[in-house]
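Structure record follows, encoded as structure tokens.
The values are calculated or read from the model by the stated rules, or taken from the named source; none is laboratory data. None of the values given here were measured: they were computed from a predicted structure. Reconstructed Cβ throughout: ideal geometry from the backbone, glycine too, with neighbour counts over all protein chains shown. SASA here: full protein model, heavy atoms, side chains in, ligands and nucleic acids out. Shrake-Rupley method; radii C 1.70, N 1.55, O 1.52, S 1.80 Å.
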Amino acid sequence: KVIISAQNLLKEYRMGEEIIHAVANVDIDIHDGDYVAITGPSGSGKSTFMNLIGALDSPTQGSLQIDGQELAKMSGDDLATLRNKKIGFVFQQFNLLSRQTALANVKMPLLYNHSPQGDEIERAKECLTMVGLGDRMDHLPTQLSGGQQQRVAIARALVNHPSILLADEPTGALDTKTSEEIMELLNDLNAKGITIILVTHEAEIAVCAKRQIGFRDGSVEFDRLTETGDAP
Ligand code: ADP
Ligand code: ADP
């Protein structure tokens, strides 16, 4: 099943007289359960593409469907609900609330519409346990290592049972060993069925994904299975 479908996607930025095609002529289908690494030089449109498929930004032209819904036809409220329920976001700098405990950070997306109920609080704890931080729930981000902070961010991204995880340079702020541990976690999550799309400029990270899409000058330069994806 196709979970994200982009046709002839275009995102323009206007800089005074100049028009920049940050993303242009992009046609991509991503299937439920895919594991995609987006790579490409700085300025090639990776972040712009992620912002579009994360419904954080809208295209200038073209069509974009998530789970069969055309984003351009959705209201702001419906888009916010889509972002909150169907998509989990992970960032390079973790983006945790520094004065809140790990558990409070993970509960944050649950506060979106209401105060979390019993089952949901259990779910937040379960997510922290799933990322290996069952014994760190009451720690503040400053009391955690970078890798642990990224695990908290991943738990937060998972708390609403999203079908898609978007990760923009999730290992960009981490050392090699910690990066490997975070990739093992993402690999496990994909094995459980979650669709993962990550941006990276590191070849060793990209090969963890099953499919690599290379951007250049806003367009897709290549789209191929990695060795991981080729494996029987
Ligand atoms: P990448 O993530 O691959 O580094 P970006 O998507 O950030 O690339 O940028 C693609 C192009 O769009 C670049 O030329 C960048 O300068 C431009 N761009 C990105 N965001 C904006 C913006 N908000 N305003 C103007 N230009 C932008
Ligand atoms: P709104 O503009 O309606 O407040 P946002 O775009 O700020 O909506 O966020 C909607 C959802 O997107 C959040 O509930 C969260 O799941 C996700 N999200 C967006 N930005 C972040 C962020 N910096 N950290 C964590 N989650 C985020």
Taking r as the C-beta separation of ASP138 and VAL207 and R0 as 30 Å, the FRET efficiency to the nearest 0.05 is 0.25
Going through the cross-link list LYS73/LYS192; LYS46/LYS192; LYS86/LYS107; LYS46/LYS125; LYS11/LYS86, which pairs have a Cα-Cα distance over 21 Å in this structure? LYS73/LYS192; LYS46/LYS192; LYS46/LYS125; LYS11/LYS86
Two pseudo-spin positions, 7 Å from Cα along C-beta at MET74 and at GLU184, lie apart in nanometres by 3.5
Using only Cα atoms, locate the centre of the range 193-212 and the centre of the range 35-84, then give the distance between them in Å, rounded to an integer. 18
Beta bridges by DSSP in the chain, antiparallel share as percent, to the nearest 5: 60
The helix 176-191 Cα axis meets the longest alpha-carbon principal axis of the chain at an angle in degrees, between 0 and 90 and rounded to 10, of 80
Let me check I have the definition right: for the range 90-145, take the eigenvalues of the Cα gyration tensor, multiply each by 5, take square roots. What are those semi-axes in whole Å, largest first? 18, 14, 10
Calculate how steeply helix 146-158 sits against the longest principal axis of the alpha-carbon atoms of the chain, using the helix alpha-carbon long axis, and give the answer as 0 to 90 degrees to the nearest 10. 80
For the range 22-92, report the % of Cα-Cα distances exceeding 21 Å. 26
Given contacts defined as C-alpha pairs under 8 Å and at least six residues apart, what's the relative contact order of the chain, whole-number percent? 28
List the extent of the Cα atoms of the chain along each of their three principal axes, largest first, rounded to whole Å. 50, 40, 39
Toward the positive end of the charge dipole of the chain, about the Cα centre and with charges on Cβ (Lys, Arg +1; Asp, Glu -1), which of VAL220, CYS127, GLN93 goes farthest? CYS127
Just to confirm a number: summing +1 for Lys and Arg and -1 for Asp and Glu over residues other than ALA24 whose beta-carbon lies under 10 angstrom from that of ALA24, what do you get? -1
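Got a sec? What order do MET15, MET108, MET74, MET183 fall in by accessible area at 1.4 Å, biggest, i.e. largest, first?
So the residues, ranked largest to smallest area, are MET15, MET108, MET74, MET183.
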